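A short reminder: the numbers here are calculations on the coordinates, not readings from a lab. As the structure is a prediction and not an experimental result, all values here were calculated from the model. Heads up, the Cβs are rebuilt from the backbone with ideal geometry, glycines too, and the neighbour counts pull from every protein chain shown.
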Amino acid sequence: MKSKVTGLILAGGRGTRMGRVDKGLQPFQGATLAAHVLRRLAPQAAAVVVNANRNLPQYQALAGVAAVVPDAMGGYEGPLAGLQTGLQHCATELLLTAPCDSPFLPLDLAERLYAAMQAEGADLAVAVTMESDEQDPAAAPYRQPHPVFSLLKADVLPQLDAYLATGARRMEGFFKTLRMAEVLFDDADAFRNINTLQELQRHEREQTPASAPGFGGDPAALHVAEAQRLIRERVAPIAAIERLPLRAALDRVLAEDIISPINVPAYDNSAMDGYALRGADLPAEGAAPVVLKTIGIAYAGRPFAHAPKVGECVRIMTGAAIPPGCDSVIPQELAAAIDGDQVTIAHGAIRSGANLRRAGEDLKAGGIAIAQGKIIRPADLGLVASLGIAEVAVRRKLRVAFFSTGDELRSLGECLDDGCVYDSNRYTLYGMLTRLGCEVTDMGIVRDDPAALEAALRDACKNADAIITSGGVSEGAADYTREIMAVLGDVDFWKLAMRPGRPLAFGKVQSDGDSAWLFGLPGNPVAVMVSFYMFARPALLRMMGAQVTQPAMQARATEAIRKRPGRTEYQRGIVGTGANGEAQVRLTGAQGSGILSSMTEANCIVVLHHEQANVAAGQLVDVLLFDGLV
Ligand code: AMP
Ligand code: MG
């Protein structure tokens, strides 16, 4: 059934009751409202399309959206106009609609509407709930249809076109012209939509996604997105800036916008080897070819200063300045004939204005060439150099101290006693922090001893902007980290709805006037890496002043993946290209949180979202490529 359904998120409204903000893009529990709707629709449809009339790129950026389409009729004519557009872009037999502000919509919406449609031979099915009058609780409950939650046959489009042509705009009105089935859903809350910013804030406070309708799992555990948000809101970029010669700035975070002092290119020049000419000399349609006389040559770096007269042209090389009076270049291979200084040009060989690189087309003088916050990569070095700029302002490197905790840990070179393990976390952390461009301090192993831990944390505060520890944050008997961290600062200990990596500590520790942000990561070797990538890395990037967007990617699972709704799982995967050229992903064997080989074999993390359930073979899943992360 799913393969017959296209999902349509109705996000094309003006958001009048929300103060004209774009409703679907409002943040809610770590994502946008539309992203929540998408996550719930995607498992029910072959593809999901968004109908939006503003901010199209933001909707397009949602992972898994097939297309974003504005109202065909324009002018914000309401949900029926969105429905028309959705039907126009529906490649399947059925269209399932949901508004962008319904983050709790039922996961069995399509299935139940479809069953009723089939049973009643209807053209469409609409969800209905029983509501009671809030003002008068004694009154009998009434049936409330929800026309924006509907499943329709795609072939009703001509009827809708005709209906809209009469000037009518109400969904209920149109639905009455069709054979309609109604499906009663028990859970009225699942159809609640969020109309005002106050309502949005109230939901944000009251409802943790773990306890939201349709979500299972441990209600005490914190949603990953919520923890990420709490961390992001607390940390801020460091202010210190240094000025570096251009090459030394590679991989650093740009601290000030690069303003172009010049136009790039600085002058109109030729994109081709050929002949510069006056567009007015080109032959008109039906006219005979023209013959132009070459009066000189313009080389790159050696301009030709004379303007050709009527019937004249200038031989020109790629990159050479366009001679005065010329506005077009004909590539030599498009000339009908070249005989000495005589160039014959037929009608239609080029358009007037062709093959010119205009002054300032790459960058305009005074414009922002690169915005601050960018991590400087090879292309940026080149661009800055093309502006003649030799020195750039970058943020000071972030100083990060790290240590491992645990009596069982041994350092390399030590003998491995019974019941001991070599400390691997300091190596993965060293690698991840160094790749991120931090200045690292390895503080070694700290025993499970309160005094040693306190001394280590106090010491780390002195020099570091951030401290990363591993181990000791779970509720294990020998773990004193929690106690000491609590003494030294304002640290939260979270139990997260995720796997691997349930425990996480985050907060500020202070000692003698110095302070640092503390990330207390779990001890298991895979958990430490996953927690670093998901929580520490985004926070450290923010502290570094870096603006980074993680490229989103999806791949088809080659095998079924077990997943329990109610927690986010990060499984290790190998992504590659399937026989049909599509990205596909398989898991790397055992996924235990201590099995580091699963990480070394992997080239990506498969992200199974909080509310996602078992994944069937062939389903699309989100993946995070290690390239770009590490
Ligand atoms: P903990 O969070 O301290 O209870 O540690 C959880 C598990 O991770 C235990 O099996 C530890 O031995 C292991 N572990 C903790 N720290 C490290 C480390 N630095 N290197 C390797 N394994 C570790
Ligand atoms: Mg431990």
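Run the quick spin-label model on GLU77 and VAL421: label points 7 Å from Cα toward the beta carbon, then report their separation in nm to one decimal.
Between GLU77 and VAL421, the simple spin-label model gives 6.4 nm.
Provide the packing ranking of 43-52, 98-107, 169-178, i.e. peptides ordered by the mean count of other C-beta atoms within 10 Å per residue, highest first. Let's see the in-between values first.
Values: 43-52: 23.1, 98-107: 25.3, 169-178: 15.4.
Top of the packing list down: 98-107, 43-52, 169-178.
Around GLU601, what is the net charge, scoring Lys/Arg as +1 and Asp/Glu as -1 over all other residues with Cβ under 11 Å from its Cβ?
+2
Under the rule of -39500 (n - 2.57) per DSSP H run of 4 or more residues, summed and divided by the residues of the chain, what mean residue ellipticity at 222 nm is obtained, to the nearest 500 deg cm²/dmol? Write down the numbers at each step before the final one.
Working: 15 runs with 133 residues, N = 630.
Result for the chain, helices only: -6000 deg cm²/dmol.
Calculate the FRET efficiency for ILE262 and ALA560 from the Cβ-Cβ distance with a Förster distance of 56 Å, rounded to the nearest 0.05.
That pair, ILE262 with ALA560, gives E of 0.45.
Holding the Cα-Cα limit at 25 Å, pick out from LYS374/LYS397; LYS23/LYS374; LYS495/LYS563; LYS2/LYS495 the pairs that are longer than that. Provide the component values of the computation, followed by the final result.
Working: LYS374/LYS397 14 Å; LYS23/LYS374 29 Å; LYS495/LYS563 19 Å; LYS2/LYS495 35 Å.
Going by Cα-Cα distance, LYS23/LYS374; LYS2/LYS495 fall outside the 25 Å limit.
Arrange THR481, THR568, THR549, THR405 by Cβ neighbour counts within 10 Å, fewest through most, would you? Write down the numbers at each step before the final one.
Details: THR481 29, THR568 22, THR549 6, THR405 26.
Going from sparsest to densest Cβ surroundings: THR549, THR568, THR405, THR481.
For segment 96-154, with the dipole built from +1 on Lys and Arg beta-carbon atoms and -1 on Asp and Glu ones, taken about the Cα centre, which of GLN144, GLN118, PHE104 lies farthest toward the positive end?
Result: GLN118, furthest along the dipole toward the positive end.
Based only on other Cβ atoms within 10 Å, what is the fewest-to-most ordering of CYS438, CYS313, CYS420?
Ordered from fewest to most neighbouring Cβ atoms within 10 Å, CYS438, CYS313, CYS420 come out as CYS420, CYS438, CYS313.
What do the square roots of 5 times the Cα gyration tensor eigenvalues come to for segment 1-146, in whole Å, largest first, as semi-axes of the equivalent ellipsoid? Walk me through the numbers on the way to the answer.
Working: eigenvalues 116, 90, 45 Å².
So the equivalent ellipsoid measures 24, 21, 15 Å along its semi-axes.
What do you get for Rg/Rh of segment 66-170 when both radii come from the Cα atoms and Rh is the Kirkwood radius?
Here the Rg-to-Rh quotient is 1.01.
Looking only at the chain, where both bridge partners belong to it, what percent of the DSSP beta bridges are antiparallel (to the nearest 5)? Don't skip to the answer; put the middle values down first.
On the way: 75 of 123 bridges.
If we restrict to bridges inside the chain, about 60 percent are antiparallel.
Below 14 angstrom from the Cβ of GLU111, what's the summed charge of the other residues (Lys, Arg +1; Asp, Glu -1)?
Once all neighbours under 14 Å are counted, the net charge is +3.
Would you please name the GluC sites (Glu not before Pro) within segment 102-162 that are DSSP coil residues with at most 14 other C-beta atoms within 10 Å of their C-beta?
Those satisfying the criteria are GLU134.
Please identify the trypsin sites (Lys or Arg not before Pro) of segment 487-593 that satisfy two criteria: DSSP loop assignment and at most 15 other Cβ atoms within 10 Å. Which are they?
Those satisfying the criteria are ARG562.
Using a Förster radius of 30 Å, what is the FRET efficiency between ARG143 and GLN201 based on their Cβ-Cβ separation? Nearest 0.05, please.
Values: r = 30 Å, r/R0 = 1.01.
The computed FRET efficiency comes out at 0.50.
For Cα pairs less than 8 Å apart in space and 6+ apart in sequence, what is the mean separation divided by the residue count of the chain, i.e. the relative contact order in percent? Kindly include the intermediate steps, with their values, before the conclusion.
Numbers: 1407 pairs, mean separation 65.8, N = 630.
RCO, the chain: 10 percent.
Can you give me the convex hull volume of the Cα atoms of segment 555-630, divided per residue and expressed in Å³? Working shown, then result.
Numbers: hull volume 6.8 nm³, N = 76.
In segment 555-630, the Cα hull volume divided by residue count equals 90 Å³.
Alpha carbon centre of segment 561-626 versus segment 467-517: separation in Å?
If you average the Cα positions of each part, the centres end up 29 Å apart.
Along Cα→Cβ, 7 Å out, is where each label goes; now give me the distance between the ones at LYS293 and ASP251 in nm to one decimal.
6.3 nm
Local charge sum around VAL440 (other residues, Cβ-Cβ under 11 Å, Lys/Arg +1, Asp/Glu -1)?
Computed value for this residue: +2.
How big is segment 365-491 by Rg and Dmax over its Cα atoms, in Å?
Considering segment 365-491 through its Cα atoms, Rg and Dmax are 20.2, 68 Å.
What spacing in nm lies between the two simple spin-label points modelled at ASP442 and ALA236, each 7 Å away from Cα in the Cβ direction?
The modelled label-to-label distance comes out at 3.5 nm.
Evaluate the relative contact order of segment 353-493 (contact order divided by residue number), counting alpha-carbon pairs under 8 angstrom at least 6 apart; express in whole percent.
24 percent
Restricting attention to segment 502-600, which GluC sites (Glu not before Pro) occupy a DSSP loop and are surrounded by at most 12 other Cβ atoms within 10 Å?
Passing sites in segment 502-600 are GLU559, GLU582.
Could you tell me the distance between the Cα centroids of segment 1-79 and segment 352-422, to the nearest Å?
Measuring centre to centre over Cα atoms gives 34 Å.
Run down the lysines and flag those whose C-alpha is under 18 Å from the C-alpha of LYS309, throwing out any fewer than 8 positions away in its chain.
LYS293
Out of VAL314, VAL392, THR434, whose Cα points farthest toward the positive end of the dipole of segment 299-445 (charges: +1 Lys, Arg; -1 Asp, Glu; placed on Cβ)?
VAL314
With only alpha-carbon atoms counted, please give the Rg and Dmax of the chain, in Å.
31.4, 100
Which whole-number percent gives the relative contact order of segment 479-628, counting Cα pairs below 8 Å spaced six or more residues apart?
With pairs under 8 Å counted, the relative contact order is 23 percent.
Could you check what % of the DSSP bridge pairs in segment 354-449 are antiparallel, to the nearest 5?
So the antiparallel bridges amount to about 0 percent of the total.
For ALA371 and THR549, what is the calculated FRET efficiency with R₀ set at 22 Å and r taken between the beta-carbons, to the nearest 0.05?
Rounded to the nearest 0.05, the efficiency is 0.95.
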